[in-house]
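Chemist: I have a structure here, written as structure tokens, and I will follow up with some questions on it.
The values are calculated or read from the model by the stated rules, or taken from the named source; none is laboratory data. Quantities reported herein were computed from a predicted structural model and do not represent experimental measurements. Glycine gets a Cβ as well: all are built from the backbone with ideal geometry, and neighbour counts include every protein chain shown. Surface accessibility is based on the protein's heavy atoms, side chains included, excluding ligands, DNA and RNA. Shrake-Rupley method; radii C 1.70, N 1.55, O 1.52, S 1.80 Å.
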Amino acid sequence: MDRTEVVIVGSGFGALAAAEKLGKAGKRFVLVSETTEHLFQPLLYQVATGVLSPAEIAPPIRAILAKYPTGDVRLGRVIDVRPDAREVAYVSGGVVRTLGYQSLIAATGARQAYFGRDEFEKVTFALKTVEDAEKLRRQILRCFEEAHTTTDPEHRRNLLSFVVIGAGPTGVELAGQIQELASRYFERSFHGIDADDVTVTLVDGAGEALPAFGGKLSEYTKTSLEKAGVEVVLNTMVTDIDDHGATLSAPSTGMQKRLTAETVIWSAGVRANDFAGVLAERTGCETDRAGRLLVNPDLTVGGYADVFAVGDMTNLDNLPGQSPVAMQGGRHVAKMVIGKVQRGTPFKYRDKGSMAIINRFRAVTRVSKIELTGMIAWVAWLAVHLYYLIGFRNRAVTVMSWIGSFLGRQRPHFHLAQDSSVVTSMENSDSPRESHAA
């Protein structure tokens, strides 16, 4: 068994923020991650809709941390922790290895939640990983390609129908972008397919779109989507989903409705990743209904002063599951570990504002009591997300892709004829969802 001063589990915003702070202080650390890249998740929907490629939003972790000689990155999956012995066990290359630590920082993020209906996972598309985004991109391509050639009107209508469940930022962004794809890109690429042929429906059980914003910003979001052609259905629950659509129910009105569609996208909720459960069991830490750790005010876990957790796998004062919370939490823990901040210091989140994009030239932003909408908010959203992208090349390529997509009518990373997987699925799949479910 080898040992290090700090073990970091995960590769998201919180993990990376902690690693960079430790690296700058010359503290020895090992970061263990199941993936080789750091995913900039807020731009994942742009991979799914052909604006960006995965390379722009998922740079290699090793390249990011290479400038810190005291840091080490290991590809593996942490399966256990022994807090009394200060050890973690992780699987790498099929071998279980043990790594000792003085401090442990867990930042494994969250995964999609289906509210007890796990069978929905097999018949819906999610958007949590690069693989999810690429699957959804291929599905969108397949639907338009097949709709272009089919002679069955009903099948064509179902192929061009998209249902997005969940009116949070991801759901709003996807609904807006799919509708924009139809009117600004596919309408020009496919003869015989008009934007009016495409139906995008956004469904949520809440009474507002972007309910975290509320008030005028939520109303602006709903109005903007509807003007663009998206049908927004609120106060409505999804009771069933299958390969060809979803069944909706509105308890307040008694409405029952069936939406037929070949593409149903689920973005309605999240829950902590499996490691949160392991950590809870080993430390005696309580969890909430979503499996998130109810951490102490200083972000320690259970009764252990040397075990920390940050980001989406935690619940502290109902802070939002957003990247700024994870990054600030990661830095706070790192400062305690290196002695810059006294151990036991409560974490205080500095809310720098919230923003969400709706579609081209439309977004909403709230900073303190200031609320912005429209073009100003949209430019602010682009600027902030460009700032947080890692690497000059990624920023430059992203700017060029945005110019082509938002000012022009291109989708630089949609490859219609060249995408062999789309052709293969069209040739081999009797069921439009078969390749996804597999």
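Chemist: Dipole of the chain, Cα-centred, from +1 at each Lys and Arg C-beta and -1 at each Asp and Glu C-beta, to the nearest 20 debye?
Modeler: On the way: 49 positive and 49 negative charges, 424 e Å.
In total the dipole reaches around 2040 debye.
Chemist: On C-alpha positions alone, give me the angle between the axis of helix 130-149 and the longest principal axis of the chain, in degrees, nearest 10.
Modeler: Between helix and principal axis, roughly 10 degrees.
Chemist: Work from the charge dipole of the range 281-383 (Cβ charges, +1 for Lys and Arg, -1 for Asp and Glu, about the Cα centre) and give the residue of Gly302, Phe361, Gln342 farthest towards its positive end.
Modeler: In the range 281-383, that residue is Phe361.
Chemist: Just subtract the alpha-carbon distance of Asp317 and Lys257 from 0.36 nm times their residue separation and send over the number in nm, one decimal. Walk me through the intermediate numbers first.
Modeler: Values: separation 60, 0.36 × 60 = 21.60 nm, distance 3.75 nm.
That works out to 17.8 nm of additional length.
Chemist: May I ask for the distance between the Cα centers of the range 17-95 and the range 292-314, given as a whole number of Å?
Modeler: 19
Chemist: What ³J(HN,Hα) values, in whole Hz, does the Karplus curve 6.51 cos²θ - 1.76 cosθ + 1.60 give for the range 277-294 when θ = phi - 60°, with x put for Gly and Pro?
Modeler: x, 4, 5, 4, 5, 6, 9, x, 6, 7, 10, 8, 5, 8, x, 7, 6, 7
Chemist: Name the residues whose placed amide hydrogens come within less than 5 Å of the amide hydrogen of Thr287, ignoring near sequence neighbours (fewer than 5 apart) on the same chain.
Modeler: Leu294
Chemist: If you don't mind, there's one more thing I want to ask. Net charge around Arg292, counting only other residues with Cβ within less than 13 Å of its Cβ (Lys, Arg = +1; Asp, Glu = -1)? Write out the running numbers ahead of the final one.
Modeler: Details: positive: Arg111, Arg271, Arg289; negative: Asp274, Glu286, Asp288, Asp312, Asp317.
That works out to -2.
Chemist: Hey, another quick one. Top mean-square fluctuation among Ala326, Ala18, Ala280, Gaussian network model of the chain, C-alpha springs under 10 Å?
Modeler: Ala280
Chemist: A follow-up question, please. By average Cβ neighbour count within 10 Å, what is the ranking of 292-300, 406-414, 7-15 from highest down? Don't skip to the answer; put the middle values down first.
Modeler: Details: 292-300: 20.4, 406-414: 16.4, 7-15: 28.2.
Output ranking for 292-300, 406-414, 7-15: 7-15, 292-300, 406-414.
Chemist: Follow-up. For the charge dipole of the chain, defined by +1 on Lys and Arg C-beta atoms and -1 on Asp and Glu C-beta atoms about the Cα centroid, which residue among Val198, Leu210, Gly391 has the Cα displaced farthest towards the positive pole?
Modeler: It is Gly391, whose Cα lies furthest towards the positive end.
Chemist: Which of the trypsin sites (Lys or Arg not before Pro) across the range 304-378 are loop residues per DSSP, with 14 or fewer other Cβ within 10 Å?
Modeler: Of the trypsin sites (Lys or Arg not before Pro), the ones in loops of the range 304-378 whose Cβ has at most 14 other Cβ atoms within 10 Å are Lys340, Arg343, Lys348, Arg350, Lys352, Lys369.
Chemist: By the scheme Lys and Arg +1, Asp and Glu -1, what is the net charge of all other residues having a beta-carbon under 13 Å from that of Ala85? Spell out each step's value before the answer.
Modeler: On the way: positive: Arg3, Arg82, Arg86, Arg282; negative: Asp80, Asp84, Glu87, Asp306.
Value of the local net charge: 0.
Chemist: Measure out, as a whole number of angstrom, how far apart the alpha-carbon centroids of the range 116-153 and the range 351-370 sit.
Modeler: Their Cα centres are 29 Å away from one another.
Chemist: Rounded to the nearest percent, how much of the accessible area of the chain (1.4 Å probe, protein heavy atoms only) is carbon and sulfur?
Modeler: On the way: 9750 of 19460 Å².
Of all accessible area on the chain, carbon and sulfur atoms account for 50 percent.
Chemist: List, largest first, the extents of the alpha carbons of the chain along their principal axes, each in whole Å.
Modeler: 66, 46, 42
Chemist: Quick one: angle between helix 374-388 and the longest Cα principal axis of the chain, in degrees between 0 and 90, rounded to 10, please.
Modeler: Approximately 40 degrees, to the nearest ten.
Chemist: Here is a further query. For Asp298, enumerate residues with amide H under 5 Å from its amide H, sequence gap 5+ or separate chain, H modeled in the peptide plane.
Modeler: Placed amide hydrogens put Phe347 under 5 Å from Asp298.
Chemist: Give me the compactness ratio for the range 45-186, meaning the Cα radius of gyration over 2.2 N^0.38 Å.
Modeler: Numbers: Rg = 20.9 Å, N = 142, 2.2 N^0.38 = 14.5 Å.
For the range 45-186, the normalised Cα radius of gyration is 1.44.
Chemist: Could you report the chain's accessible area per residue, 1.4 Å probe, as an integer in Å²? Walk me through the numbers before you get to the answer.
Modeler: Working: 19460 Å² over 438 residues.
Ligands and nucleic acids excluded, the figure is 44 Å² per residue.
Chemist: Here is the link list: Lys222/Lys352; Lys24/Lys369; Lys67/Lys348; Lys122/Lys257. Which ones come out longer than 27 Å on Cα distance? It would help to have the intermediate numbers written out before the result.
Modeler: Working: Lys222/Lys352 24 Å; Lys24/Lys369 35 Å; Lys67/Lys348 29 Å; Lys122/Lys257 22 Å.
Table pairs above 27 Å Cα-Cα are Lys24/Lys369; Lys67/Lys348.
Chemist: Against the longest principal axis of the chain, how steep is helix 323-338, in degrees 0 to 90 to the nearest 10, with axes from Cα atoms?
Modeler: Result, in degrees: 10.
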